[in-house]
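Every number here is computed from the coordinates shown, using simple stated rules; none is lab data. Here the structure is a predicted model, which means the values were calculated and not measured. Please note: Cβ atoms are built from the backbone with ideal geometry, for glycine as well, and neighbour counts cover all protein chains shown.
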Amino acid sequence: MSPRRALVSAVLVIAAFAGTAAANDPNRVFAGQVITMAKRPPATAKSPDAYIALMRKMKQSNFYEDKSDHTWTVWMAAFLKSPLNDLEYSVKYYDVSNGQGQQLIATDDQFTDSRGQKTLITKGHLDKQMFGVNKELLVTFESKGKILASARIKILGEGEKLTGKVNFSDDDAAGKDGDDDAKKK
């Protein structure tokens with residue numbers, strides 16, 4: 001075997017092992033992503049590969065309304081692009097349903113125990129009165145104006161039922177307007 005061919009083979013073997021080692025780190029596999037789930041994510045797993053597989057299995061983007069209290073519960077695991085260099089971060093929810101950009105709906109400021117966190121796990125309660133229903137949301141984890149991770153979710157549920165029935169007051173039915181009396185004087 002020529003020295004050149006041996007060197008190329010050695011480089012390929014090293015690159016293959018380095019690629020699998022990087023793939024085993026959940027923070028690298030999911031960097032910049034928020035994994036959204038209906039149930040609490042696990043704190044540990046048998047191995048990094050098992051954790052990655054479990055997170056992929058639990059990931060969901062459609063959430064259905066809890067009809068008893070008209071809310072959605074969303075567990076989020078944010079795998080940050082870079083370590084959090086602060087104790088405070090914000091979870092922001094934007095409405096992106098209409099296709100004309102994003103409109104900020106709510107912000108939830110949260111705190112960590114220490115600096116340098118690479119993964120943040122939190123639980124969000126989304127209220128129907130604040131968020132609406134059947135919307136697509138952009139969820140971002142931000143620190144000092146910088147987006148560290150993001151995901152899109154859909155909150156689905158039963159919309160307001162309209163009967164088509166209108167109740168008019170006696171004055172409205174008679175065609176009177178409250179301002180008509182002021183105009184006559």
* Asked: If the limit is 23 Å between Cα atoms, which of 59/92; 81/123; 39/128; 46/154; 39/135; 46/146 go over it?
  -> 46/154; 46/146
* Structure fact -> Output ordering of 78-85, 25-32, 167-174 (per-residue mean of other Cβ within 10 Å, highest first) is 78-85, 25-32, 167-174
* For 120, 137, what ranking results if the residue with the fewest other Cβ atoms within 10 Å of its Cβ goes first? -> 120, 137
* To do: Using a Förster distance of 22 angstrom, determine the FRET efficiency expected from the C-beta separation of residue 25 and residue 144, and round it to 0.05.
  => 0.30
* **Order by protection proxy (mean Cβ within 10 Å, highest first), peptides 147-153, 40-46** => 147-153, 40-46
* Structure fact -> Sparse-neighbourhood loop hits (trypsin sites (Lys or Arg not before Pro), region 83-149; DSSP loop; Cβ within 10 Å at most 15 others) -> 115, 144
* Only Lys, Arg, Asp and Glu count, each charged at its Cβ (+1, +1, -1, -1), so figure out the dipole size of region 30-159 about its Cα centre, rounded to 20 debye. => 560 debye
* Normalised by the residues of region 30-159, what does the relative contact order come to in percent, with Cα pairs under 8 Å and at least six apart? -> 32 percent
* Structure fact -> Checked region 30-159 against the a/c 1.5 cut and the a/b vs b/c comparison, axes a ≥ b ≥ c from its Cα gyration tensor; verdict oblate
